[in-house]
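First the structure, in the form of structure tokens, and then the observations on it.
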Amino acid sequence: MSETTHDSAVGVTPPPSPDDGLTPAELAAKYGLSVSGARPTLPEYVRQLWARRHFILAFSRAKLTAQYSQAKLGQLWQVATPLLNAAVYFLIFGIIMGGREGIPGGQNRYIPFLVTGVFVFTFTQTSVLNGVRAISSNLGLVRALHFPRASLPISISLQQLQQLLFSMIVLVVILLGFRELPGLSWLLIIPVLVCQFVFNTGLALIMARLGSKTPDLAQLMPFITRTWLYASGVMFSLPYMLTKHNAPDWLVDVMQGNPATVYMDLMRYAFIDEYAASDMSPLAWPLAVVWAVVIGIGGFVFFWKAEERYGRG
């Protein structure tokens, strides 16, 4: 320590600090500091999500209730929206464009075929469209509270699953009206829904991460999902139309392996007696599981890797 005198003022030079020359990372390690909001390990992240399972379920229910709170028909729009879409597709594709040709069981089974396809595809479509906004539309919540961010896209998938289950009631009424009586095949609905839910959740997680950094993706996704809709055989028999236009066999196989087509085919196979295994891909069940595992687990890991960056501008 040294002292200097200048105009009766005394200056004291402090001794050198033992921390001089250390980098921020070295200082943090020395004093046991950690990064605020640092990404936990994957097992720890799963444990945190499980601990907040009640929040995830409550959040999905609240979103579902608030979705149509301003409409006079309220929650009836959960069923009315896909039914109106099905009515438009029936008019345009079924009647005007001849989409009823090649339907398993004949043209009198077109409405059960169409409504099942619309409800199942809407489940995936809305999960994607809402998933891309999962982080960006909840920035206030993300920045104010500490919780695993995957809770948001997972709650969106749960919300859409609940909406689909409400729609299933109407679907069953329509099927009964066309004399599609319940049978053992209806039990297949459970594994199909489980696989599709896992697939949708993984896709929502992927879209949530991409949408958090690229807000314009939310404007682009409706065009992508609309193209996906037309390429999935929602309004017509996909193999029949492809064969009719002399598509090569490999293209038919690829198109039938589309995940949306796989889940629709399996649901139609469960509900409609005339829908046979020959009307869908011979690999439909393995593909349903593979799509669920690859996209579900892959999407979860992909989202977790950017956990510490969500909501930070």
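The values are calculated or read from the model by the stated rules, or taken from the named source; none is laboratory data. Here the structure is a predicted model, which means the values were calculated and not measured. Cβ placement follows ideal geometry from the backbone for every residue including glycine, while neighbour counts extend to all protein chains displayed. The protein model used for the area step is the full one, side chains on, heavy atoms only, and it has no ligands, DNA or RNA in it. Shrake-Rupley method; radii C 1.70, N 1.55, O 1.52, S 1.80 Å.
Here are the numbers:
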| read-out | value |
| --- | --- |
| Residues located in region 171-182, provided they are open to solvent by 40 Å² or more (accessible area, probe 1.4 Å) and either at negative phi or in a helix (DSSP H, G or I) (or both) | Val172, Val173, Leu176, Gly177, Phe178, Leu181, Pro182 |
| Filter result for the condition that a residue is under 23 Å from Thr126 (Cβ atoms) and open to solvent by less than 40 Å² (accessible area, probe 1.4 Å), over Phe271, Phe223 | Phe271 |
| Helices (runs of 4 or more DSSP H) within region 183-280 that include 2 or more residues small (Gly, Ala, Ser) | 189-213, 259-271 |
| Checking Phe166 against (1) more than 24 Å from Ala86 (Cα to Cα); (2) modelled with pLDDT under 90, the condition it does not meet | (1) |
| So Leu165, is it open to solvent by 60 Å² or more (accessible area, probe 1.4 Å) and not in a helix (DSSP H, G or I) | no |
| Residue match in region 185-197 (condition: open to solvent by 20 Å² or more (accessible area, probe 1.4 Å), of a type in the set (S, T, N, Q), under 17 Å from Ser157 (Cβ atoms) and in contact (Cβ under 8 Å) with a residue 24 or more places away in the chain) | no |
| Hits in region 47-61 (condition: assigned to a helix (DSSP H, G or I) and in contact (Cβ under 8 Å) with a residue 40 or more places away in the chain) | Gln48, Leu49, Phe55, Ile56, Leu57, Phe59, Ser60, Arg61 |
| Test: residue in region 226-249 that is on the phi > 0 side of the Ramachandran plot and open to solvent by 20 Å² or more (accessible area, probe 1.4 Å) | yes |
| Residue match in region 199-222 (condition: farther than 20 Å from Ser137 by Cα, among the hydrophobic types (A, V, I, L, M, F, W, C) and in contact (Cβ under 8 Å) with a residue 40 or more places away in the chain) | yes |
| In region 39-61, residue modelled with the highest pLDDT [restricted to those that are open to solvent by 50 Å² or more (accessible area, probe 1.4 Å) and among the small types (Gly, Ala, Ser)] | Ala51 |
| Complete set of residues in region 70-84 that are modelled with pLDDT of 75 or more and within 20 Å of the chain's Cα centre (by Cα) | Thr81, Pro82 |
